[in-house]
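Visitor: Sharing a structure here in structure tokens format.
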Amino acid sequence: MDPKDLRTLELPIVLERLSQLADFSVSRQLALDLVPTTYLEIAQQLQAETTEARRLLAGDGRPTVGGARDVRSNVEAAGRGSVLEPQELLDIQATLISARTLSRRFMKEAETYPLLSRIAADLSEEAELIDSISRTVDDRGQVRDGASKKLGSVRRNLRSARERVTKKLESMVRDPKIVSMLQEPIVTQREGRSVIPLRAEFKGKMEAVIHDQSTSGATLFVEPLPVVELNNEVRELELEERAEVRRILKKLSKAVGGKSDQVVVSVEALARLDLAFAKARYAEAIEATEPALRNLDPTESRLRLRRARHPLLDPETVVPIDLVLEPEVQALVITGPNTGGKTVTLKTAGLLAAMAQCGMHVPAAPGAELSMFRAIFADIGDEQSLEQSLSTFSSHISNIVRILGSADEASLVLLDELGAGTDPGEGAALAQALLAEFVERGAVTLVATHFPELKLYAHQKAGVRNASVEFDVESLRPTYRLSIGLPGRSNALAIAERLGLDPGLVGRARARISLEDRQEDSLLEEIRHQRDEAEEARAAAQEASAEARLLRDELRERLRGIEEERLEILEAARQQAMAQTEELTREVDRLRLKLAAAGAALDSVSEVEQELEEVESELAPAVVERGQHVEELEDLKVGDYVHLRTIDADGVVTALQGGKAEVQVGRLRVQARLSELGPPTELPVRDNAPSDPVGLRVRTEAPAVELHVRGHTVDEALEALERRLDAAYLAGMPFLRVVHGKGSGILRRAIREELSSSPYVSSFRPGEPSEGGEGVTVAELEEN
């Protein structure tokens with residue numbers, strides 16, 4: 001994609017804000033260098049990584065790469081034989097510790113965060129190298145005494161030698177014969193050797209080597225001859241220490257160089273993880289959502305953004321917009337007053353598409369959908385621009401010529417004030433020709449304009465739709481709402497009158513407008529008013545429908561509870577009766593034994609036994625019957641006719657789960673145990689008068705083969721569809737044709753989602769051209 005277009009859309013500003021949320025210099029640069037990918041699989045993976053990082057942020061605080069540094073140049077230099085400084089080694093150690101920490105974490109959570117764990121798999125722990133650096137260099141960047149035995153010995157000798165020098169010089173500066181010759185009785189350093197400050201006038205009075213003098217020349221810094229040998233010993237030990245330190249650092253640097261490839265890979269993996277964390281933080285900051293990405297498909301929406309917001313505008317004041325391009329819409333002509341939000345709409349569409357292809361979540365409501373574009377072109381630059389100042393007509397044309405050189409069916413083209421800056425008649429003609437060219441090429445095109453000719457073109461041309469940004473004439477403020485389907489009005493005269501222009505002048509100006517144009521404005525205003533009323537009515541109907549659904553579900557739940565409680569009571573009563581009968585049987589047996597032992601007649605006992613057997617015969621079959629039903633219905637499946645013993649009615653099984661079934665009895669759906677079901681008392685009738693779907697043996701007429709739901713709300717349509725599917729299935733119909741119309745596609749998608757989950761439907765397809773095309777869905781029904 002052309003960087004010029006991305007700058008116009010202000011993507012670099014977004015990336016700058018993203019980089020500020022990264023913890024690591026390498027990831028900050030990665031953020032600044034982001035460009036939209038044109039490959040769907042890569043974009044989807046980047047989106048999924050951001051989603052995983054957001055889950056990680058939400059579930060376990062702030063993940064971090066710790067003290068990692070960009071040490072790639074250092075380790076590569078070590079690989080070439082360079083000796084690294086202690087601080088450079090500490091930076092490498094901190095980076096490896098960060099890599100080890102994240103590596104171990106993602107090893108434990110690989111199933112929870114598979115994509116981030118795949119990145120973390122490139123992290124190298126290098127425990128031995130971390131320990132080697134720790135043993136060699138302390139936190140202050142000094143090589144430890146224990147780095148080698150020789151270094152420890154040399155440093156002990158060095159400390160002793162320095163103590164001897166200091167002790168000798170301190171005794172001299174306290175000597176009364178010498179102290180009078182000194183500027184101050186102190187021991188200091190010059191050129192790495194211990195010296196004392198001798199007053200210049202005593203030069204030659206003391207045998208000493210001069211190493212330096214003060215700026216004024218009044219003080220000489222001298223090394224008395226008695227300490228020269230001691231200082232020489234110190235110097236030799238310092239050189240020996242330096243050589244040993246270099247040998248140690250060289251050895252350690254060689255070990256680092258041997259791991260240079262692994263360290264470089266770890267640094268880059270840390271940067272990728274940190275970039276994912278930064279994307280997650282930015283998404284949370286702008287309240288963004290993961291968009292669904294797909295390749296351009298003429299049968300799917302090209303853009304579907306609900307409550308979309310420009311991420312650089314104040315979130316407290318920005319007005320979200322709904323920008324939806326249904327499958328039949330390829331281009332949008334946006335009209336309306338200045339400052340109404342046309343340019344912001346164009347930039348929001350382009351910027352969110354670019355962000356999504358960079359793997360960033362977009363500030364919009366859940367359910368956002370975006371097509372993948374090979375290129376995003378933007379000619380935006382007027383007084384309403386967020387970034388640029390007024391552009392000339394020639395610069396506009398130069399930019400459009402550039403766009404025409406590359407735009408194709410996989411492009412998103414954003415054109416602000418197309419044809420402006422020249423004669424209105426010629427400009428309108430040119431704008432119409434350019435829009436027609438982009439539509440001909442198949443590019444997804446959004447145009448902001450004031451030309452009425454483009455409104456007419458959008459109204460007449462298939463694949464092009466009018467849209468408008470609205471303006472509140474009373475408050476003289478734009479609403480920033482985007483309304484798709486209606487062209488906008490400039491409202492120039494109304495605004496002028498509200499601002500105090502003489503009403504007479506406004507009236508004369510209005511009189512110069514053609515009657516046709518005035519009628520058009522009045523008609524548009526009436527259409528907007530009716531649309532707003534319809535939207536309010538639809539919202540109220542949907543709310544009422546939702547309340548009805550809640551009430552229905554509540555009643556179903558209550559009925560299910562009552563049914564289960566009734567069955568439990570019946571079962572308890574049956575068990576109690578059986579227990580009492582068994583107890584009576586045992587008592588009769590005991591009486592028989594006593595009477596037999598006494599030689600008494602058993603006629604009365606026999607009569608009691610006969611009565612008990614009659615009671616058992618009434619109770620036992622019910623128990624046996626429950627067990628028999630289970631065996632008879634072991635192969636029960638959805639669609640089978642059954643008899644529901646608890647309410648003595650026949651119905652059809654609509655769902656099975658565990659040991660329970662859902663049975664449709666008329667418009668009532670009853671939850672029942674499998675043990676409560678048996679064969680139907682009457683099989684369904686399959687002739688021209690099918691049995692009623694309730695299973696109550698009431699005969700009805702076969703339902704119509706077509707169901708018309710155009711103009712219905714989604715809830716109304718789904719309820720009608722559910723009833724018709726029940727009737728059609730029980731009537732043995734092979735298919736059902738649902739006429740829902742094309743429209744915005746919302747009703748069509750809802751119908752097809754319902755069909756995909758219905759147990760009665762084996763498959764469904766769009767209608768053939770002769771059947772109504774995309775305005776019809778044909779459902780093939782299961783055989784029963």
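The values are calculated or read from the model by the stated rules, or taken from the named source; none is laboratory data. What you are looking at is a predicted structure, and each value in this text was computed from that prediction instead of being measured. Here the Cβ is made from the backbone with ideal geometry for all residues, glycine too, and neighbour counts use every protein chain on show. Just so you know, the surface numbers come from the protein's heavy atoms only, side chains and all, with ligands and any DNA or RNA stripped out. Shrake-Rupley method; radii C 1.70, N 1.55, O 1.52, S 1.80 Å.
Visitor: With every protein chain present, what is the per residue accessible area of region 79-226 (1.4 Å probe, Å²)?
Guide: Spelled out: the 1.4 Å probe surface of region 79-226, per residue, equals 57 Å².
Visitor: Hey, another quick one. Averaged per residue, what accessible surface does region 316-472 expose to a 1.4 Å probe, in Å²?
Guide: 34 Å²
Visitor: Something else about it: Could you tell me the extents of region 31-106's C-alpha atoms along the three principal axes, largest first, rounded to whole Å?
Guide: Dimensions of region 31-106 along the principal axes of its Cα atoms: 45, 32, 20 Å.
Visitor: Right, another one. Tell me, what is the FRET efficiency for ASP715 and ALA58 to the nearest 0.05, using R0 = 25 angstrom and their Cβ-Cβ distance as r?
Guide: Computed FRET efficiency for ASP715 and ALA58: 0.15.
Visitor: Follow-up. Could you run the Debye sum over the Cα atoms of region 131-179, one equal point scatterer each and no solvent, and tell me log10 of I(q)/I(0) at q = 0.27 Å⁻¹, two decimals?
Guide: -0.93
Visitor: Report the full-extension gain for the segment ALA410 to LEU115: residue separation times 0.36 nm, less the Cα-Cα distance, to one decimal in nm.
Guide: 103.3 nm
Visitor: Once both labels are modelled 7 Å past Cα along the beta-carbon direction, what's the ASP212-HIS708 spacing in nm?
Guide: In this crude spin-label approximation the distance works out to 10.5 nm.
Visitor: Starting from the residue with the highest accessible area, list ARG246, ARG105 in decreasing order, probe 1.4 Å.
Guide: Descending accessible area places them as ARG246, ARG105.
Visitor: Assuming R0 = 30 Å, what is the FRET efficiency of GLU191 and GLU85, from their Cβ-Cβ distance, to the nearest 0.05?
Guide: 0.80
Visitor: Please work out the Kirkwood hydrodynamic radius for region 279-324, using every pair of different C-alpha atoms, and report it in angstroms with one decimal place.
Guide: 12.3 Å
Visitor: Starting from the residue with the highest accessible area, list GLU719, GLU201 in decreasing order, probe 1.4 Å.
Guide: GLU201, GLU719
Visitor: If you don't mind, there's one more thing I want to ask. Please work out how much length the chain gains when fully extended from SER171 to GLN20, using 0.36 nm per residue of separation minus the C-alpha to C-alpha distance, in nm with one decimal.
Guide: Result: 48.4 nm gained on full extension.
Visitor: Mind checking the full-extension length gain between GLN575 and LEU555? Use 0.36 nm per residue of separation minus the Cα-Cα distance, one decimal, nm.
Guide: Contour length minus the Cα-Cα distance gives 4.2 nm.
Visitor: OK, next. Averaged over every viewing direction, what's the projected area of the C-alpha convex hull for region 213-264? Give it in nm², one decimal, please.
Guide: Answer in nm², one decimal: 6.6.
Visitor: Follow-up. Determine the sum of side-chain charges near ALA429: Lys and Arg each +1, Asp and Glu each -1, restricted to other residues whose C-beta is under 14 angstrom from that of ALA429.
Guide: Net of charged neighbours comes to -4.
Visitor: Please list SER194, SER763 from largest to smallest accessible area, probe radius 1.4 Å, with all protein chains kept in place.
Guide: Ranked list, largest accessible area first: SER763, SER194.
Visitor: At R0 = 51 Å, how high is the FRET efficiency between VAL506 and ALA462 if r is their beta carbon distance? Nearest 0.05 is fine.
Guide: With a Förster radius of 51 Å, E is 0.85.
Visitor: Could I ask something else about it? Search the structure for amide H atoms under 5 Å from the amide H of VAL324, placed 1.01 Å from N in the peptide plane, and list their residues when 5 or more places away or on another chain.
Guide: Answer set, sorted by chain and number: LEU305.
Visitor: Round to the nearest 10 and report in Å² the accessible area of MET578, as given by a 1.4 Å probe over the protein chains' heavy atoms.
Guide: Spelled out: MET578, probe radius 1.4 Å, area about 40 Å².
Visitor: Determine the sum of side-chain charges near GLU547: Lys and Arg each +1, Asp and Glu each -1, restricted to other residues whose C-beta is under 12 angstrom from that of GLU547.
Guide: -2
Visitor: Kindly give Rg over Rh for region 80-162, based on alpha-carbon atoms, with the Kirkwood expression for the hydrodynamic radius.
Guide: 1.20
Visitor: Here's something else I'd like to know. Which values, in whole Å and largest first, are the semi-axes of the equivalent ellipsoid of region 1-149 obtained as the square root of 5 times each eigenvalue of the Cα gyration tensor?
Guide: 34, 21, 13
Visitor: Amide H neighbours of ASP212 under 5 Å, at least 5 residues apart or on other chains, H built in the peptide plane: list them.
Guide: For ASP212, the qualifying residues are PHE221.
Visitor: Counting only C-alpha contacts under 8 Å and six or more residues apart, can you give the relative contact order of region 317-438 as a whole percent?
Guide: Averaging sequence separation for qualifying contacts and normalising by length gives 23 percent for region 317-438.
Visitor: Taking a cut-off of 20 Å between Cα atoms, list the lysines near LYS637, but don't count ones fewer than 8 places away on the same chain.
Guide: Once the sequence-local lysines are set aside, what remains near LYS637 is LYS660.
Visitor: Filter the cross-link list LYS347/LYS455; LYS279/LYS461; LYS342/LYS461; LYS279/LYS342; LYS150/LYS205 down to pairs whose alpha-carbon distance in this structure exceeds 32 Å.
Guide: Those over the limit are LYS279/LYS461; LYS150/LYS205.
Visitor: Work out from phi, with θ = phi - 60° and the Karplus expression 6.51 cos²θ - 1.76 cosθ + 1.60, the ³J(HN,Hα) of each residue of region 9-15, listed in order in whole Hz, and give x for Gly and Pro.
Guide: Using θ = phi - 60°, the values come out as 7, 6, 4, x, 5, 4, 5 Hz.
Visitor: Moving to a separate point now. Excluding MET107 itself, what net charge comes from residues whose Cβ is under 13 Å from its Cβ, given Lys and Arg +1 and Asp and Glu -1?
Guide: Once positives and negatives cancel, what remains is +1.
Visitor: Quick one: which residues, 5 or more positions from HIS708 or on another chain, have an amide H under 5 Å from its amide H? H modelled 1.01 Å from N in the peptide plane, none for Pro or chain starts.
Guide: Close amide H contacts, sequence-distant or interchain: VAL739.
Visitor: In sequence order, what are the phi-derived ³J(HN,Hα) couplings for region 137-145 according to the Karplus relation 6.51 cos²θ - 1.76 cosθ + 1.60 with θ = phi - 60°, rounded to whole Hz, with x for glycine and proline?
Guide: 10, 8, 5, 8, x, 9, 6, 5, 4
Visitor: Keeping the other protein chains in place, figure out the carbon and sulfur percent of the accessible area of region 16-72, with a 1.4 Å probe.
Guide: Carbon with sulfur: 50 percent of the solvent-accessible area.
Visitor: Taking the Cα-to-Cβ direction at ARG242 and at GLU201 and moving 7 Å from each Cα, how far apart do the two end points lie in nm?
Guide: 3.9 nm
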